[in-house]
Amino acid sequence: MNLLNNAWYKNARWVRCLRPLSVLFGLVSNLRRNYYRNSDKAYKAKYPVIVVGNITAGGTGKTPLVIYVAQQLRQRGYSPGIVSRGYGSKAVSYPFAVTPQSSFREAGEEPLMIARHTHCPVIIDPDRSAAVKMLETRYDCDIIISDDGLQHYRLNRNIEIAVLDGQRGFGNGLLLPAGPLREKPERLDDVDFIVCNGPSHHVLPDHSYEMNLDATHLVHLIDNKSLAISDDALFTIKNKKVHAVAGIGNPERFFNSLCASGFDIITHIFSDHHFFSKQDITFADELDVVMTEKDATKCKDIATDKHWFLKVAARIPDEFMDKLIEKLATF
């Protein structure tokens, strides 16, 4: 997958030989979308559904946005429930209720992060409509957030939020597998909100908002000790090199955050959703090791006192939530 990612975003010529498959992918995607949108086959939930997704493969910052939206809704008196595919999960059966105490093996990394940060009901199932039905019957929710559900047309939705990677944009502009696009950029004209993770060189519609992921703390994997990035307690760490480990869709964003926070980094890149071994995060020196929170969910059992993760928080203009709440009031 790393080979394809590099080809998509560095505009490698060889990947264009896959364009016939992209044409087929586009045809099937359009047929599927039209089938569910023009029929009564899509499941209509009892409560308003907010879908957070993207039109590109790989990480764009959906998980921090889902967490942000859920937290903001709770502050405003809503009781959100969250559904997700649970990529990489190995639950005994589905739908599966994720709690902060779940293991990453049964829950998947992102749903586990969401459950720990929001303390909302989180249900995973490849069929998100089945997950929604569990929320409706077992939990006291009044609004539903679907994580990475933009192309899951079997679930009806009231509000669509598309997340765009401002740095990488649309890559080479081609559909899968020749490019990173799940749907064509014109799809963004149909969504209710666009959230761009970082500044973008693309001209985006008026319903777009910039999101920034601010590095806030280093958290120790063994004892959960949390040190503010601005804290003097970081002095002994910030003034020496650290190993920076990333198994995410866009590791460069993580590395840039560490550098901006004052770290001198030695980078170690793994594929997205990589299953880490102790050897992957053990190095023949005395340097500390810093990873993403997503990767940390899989490394706690193999960590030592050298291991930390970088905690980030989404920052979005207040107008975004104001407009979202305003739209919710119409349902």
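The values are calculated or read from the model by the stated rules, or taken from the named source; none is laboratory data. Computed from a predicted model, the values in this text were never measured in an experiment. Cβ: placed from backbone, ideal geometry, glycine included. Neighbour counts: every protein chain shown.
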Test set (1) within 14 Å of residue 181 (Cα to Cα); (2) surrounded by 13 or more Cβ atoms within 10 Å (Cβ to Cβ); (3) not small (Gly, Ala, Ser) - residue 27 fails condition number: (2)
Sole exception among (1) in contact with a helix residue (DSSP H, G or I) (Cβ under 8 Å, 6 or more places away or on another chain); (2) within 19 Å of residue 132 (Cα to Cα); (3) surrounded by fewer than 23 Cβ atoms within 10 Å (Cβ to Cβ) for residue 37, by number: (1)
Residue 123 being farther than 15 Å from residue 53 by Cβ and in a strand (DSSP E or B): yes
Residue, surrounded by the fewest Cβ atoms within 10 Å (Cβ to Cβ), within region 286-315, restricted to residues that are of a type in the set (S, T, N, Q) and out of contact with any strand residue (DSSP E or B) (no Cβ under 8 Å at 6 or more places or on another chain): 304
All strands (runs of 3 or more DSSP E) inside region 189-244 with 2 or more residues being more than 16 Å from residue 260 (Cα to Cα) and over 20 Å from the mean Cα position of the chain (by Cα): 226-228
Top-ranked residue in region 255-273 [being touching a residue at least 60 places away in the same chain (Cβ under 8 Å) and not acidic (Asp, Glu); ranked as farthest from residue 284 (Cα to Cα)]: 273
Near pairs, Cβ below 9 angstrom, 6+ apart or cross-chain, from region 116-144 (in contact (Cβ under 8 Å) with a residue 24 or more places away in the chain and among the polar types (S, T, N, Q)) to any residue that is surrounded by fewer than 20 Cβ atoms within 10 Å (Cβ to Cβ) and part of a helix (DSSP H, G or I): 118/71; 118/74
Complete set of residues in region 58-100 that are touching a Lys or Arg at 6+ places or on another chain (Cβ under 6 Å) and more than 22 Å from residue 155 (Cα to Cα): 90, 100
Pairs with Cβ under 7 Å, 6+ apart, first in region 229-254 and closer than 30 Å to residue 62 by Cβ, second among the small types (Gly, Ala, Ser) and surrounded by fewer than 22 Cβ atoms within 10 Å (Cβ to Cβ): 229/215; 229/261; 238/262; 247/271; 249/58; 250/58
All positions within region 160-170 that are surrounded by 22 or more Cβ atoms within 10 Å (Cβ to Cβ) and in a loop (DSSP other than H, G, I, E, B): 168
Unique match (being of a type in the set (Phe, Trp, Tyr) and more than 30 Å from residue 171 (Cα to Cα)) among 78, 68: 78
Residue 43 vs. criteria under 30 Å from residue 144 (Cβ atoms), surrounded by fewer than 17 Cβ atoms within 10 Å (Cβ to Cβ), in contact (Cβ under 8 Å) with a residue 12 or more places away in the chain and of a type in the set (Phe, Trp, Tyr): yes
The listed residue being at pLDDT 95 or above, surrounded by fewer than 16 Cβ atoms within 10 Å (Cβ to Cβ) and more than 22 Å from residue 67 (Cα to Cα), out of 278, 241, 323, 327: 278
Per-region count, region 68-103, residues within 15 Å of the chain's Cα centre (by Cα) and surrounded by fewer than 24 Cβ atoms within 10 Å (Cβ to Cβ): 4
Residue 110 being acidic (Asp, Glu), crowded, with 21+ Cβ neighbours inside 10 Å, assigned to a helix (DSSP H, G or I) and at pLDDT 95 or above: yes
Whichever residue in region 54-74 is of a type in the set (Ser, Thr, Tyr) and in contact with a Gly (Cβ under 9 Å, 6 or more places away or on another chain) and, among such residues, is modelled with the highest pLDDT: 56
